[in-house]
Amino acid sequence: MSKGYADYVITIAHEVDREIMRERDGVEVPLFGNEFEEWLKESKELSEASVVNYMRWLHKADSWILDLSHDFWTLLKKAWNAADFQTAKALCKEYESLLLDEKSQAEKEGKEEYGESGKEIGNWISTFRKFIKFHDEQIEKVEGDKKVLAEKIEASRLKAANLFLETRFSLWGIDNGLSETTMDSYISGIKSVNRKLFCKTGYDLLHDFLPQYVKTKNEDKINEMFSAMDKLLSRRIDSYNETEMPRESFLNCRAALRKYTEFIRHLIITE
């Protein structure tokens, strides 16, 4: 992202807004900042001056990469709070890729045009890769309830690869005038939002509970479950700053889940 004077003024305003948001949410840069700095100091290959530079480069990268609606350090903290370490690792990979893209663009345009050199951004990448190594070590050290929840989330996501009555849902939609492509998109969206959002409870609601509710024709439980899922999706859409997926994807997934809810309700009435 080229940084002209106008961009600089806008960036300063956005940085202020971001810092207000971070202070409100208790976000530090980097996550586990003191621990990361100590971890760097324990490295035999780094001098004290190098540690100072690494911390400075991490903050410079943070100033350069500015996205109020998808703030990496805020999202990383939320992933940790939820014991969602798969998402935490994916966020780190995404941020590293973003920095690599910035480096490539800087090398192509040059420092004078782009506002920063490829070499400098390369320093940021080296620092962040050290943070990733440190971050992964912190995940390995997690114990107690957070570790149990993390394991439950991972197990529930394995089950979420399948959707209850997937084929019948697809055929029902086609019989009701929807295209096969639309139904494939609905099924993919439901699986995705189930895996990325709903399984963060440690349960796959659509696998662990829905089949029994349908078998016993428990309309109250079905309505309660789908209503809660819809409300959670709507909250994500209304105040988007979360780890799971882009806002537009949330909108598409809500539409898909509502169609699936319609199918399940039709099923228990007609059978």
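Tell me, please, whether a residue that is outside any helix (DSSP H, G or I), more than 28 Å from Ser239 (Cβ to Cβ) and not β-branched (Val, Ile, Thr) can be found in region 81-91.
Restricting attention to region 81-91, the residues satisfying the condition of being outside any helix (DSSP H, G or I) are 82-84.
Within this subset, residues satisfying the condition of being more than 28 Å from Ser239 (Cβ to Cβ) are none.
So far as region 81-91 goes, no, none of its residues is outside any helix (DSSP H, G or I), more than 28 Å from Ser239 (Cβ to Cβ) and not β-branched (Val, Ile, Thr).
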- [ ] Output the residues belonging to region 255-271 that are of a type in the set (Lys, Arg) and touching a residue at least 40 places away in the same chain (Cβ under 8 Å).
- [x] Lys259, Arg265
Open item on the list: What pairs come out if I take residues in region 50-74 that are under 15 Å from Glu38 (Cα atoms) and modelled with pLDDT of 95 or more and pair them with residues that are hydrophobic (A, V, I, L, M, F, W, C) and part of a helix (DSSP H, G or I) whose C-beta lies under 6 Å away, six or more apart or interchain?
Closed with: Val51/Leu40; Tyr54/Leu40
Task: Qualifying residues in region 182-200 (those that are open to solvent by 40 Å² or more (accessible area, probe 1.4 Å), in contact (Cβ under 8 Å) with a residue 40 or more places away in the chain and not small (Gly, Ala, Ser)) - the one nearest to Ile222 (Cα to Cα) - done: Tyr186
Task: Selection within region 83-109 - crowded, with 19+ Cβ neighbours inside 10 Å and farther than 19 Å from Asn123 by Cα - done: Ala83, Asp84, Phe85, Thr87, Ala88, Leu91
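For region 132-145, name all the residues that are over 18 Å from the mean Cα position of the chain (by Cα) and surrounded by 12 or more Cβ atoms within 10 Å (Cβ to Cβ). Give the steps one after another, and end with the answer.
First, the residues of region 132-145 that are over 18 Å from the mean Cα position of the chain (by Cα): 133-134, 137-138, 140-145.
Across region 132-145, the qualifying residues are Phe134, Gln138, Val142.
The values are calculated or read from the model by the stated rules, or taken from the named source; none is laboratory data. Quick caveat: nothing in here was measured; it's all calculated off a predicted structure. Here the Cβ is made from the backbone with ideal geometry for all residues, glycine too, and neighbour counts use every protein chain on show. The area values use the complete protein model at the heavy-atom level, side chains included, leaving out ligands, DNA and RNA. Shrake-Rupley method; radii C 1.70, N 1.55, O 1.52, S 1.80 Å.
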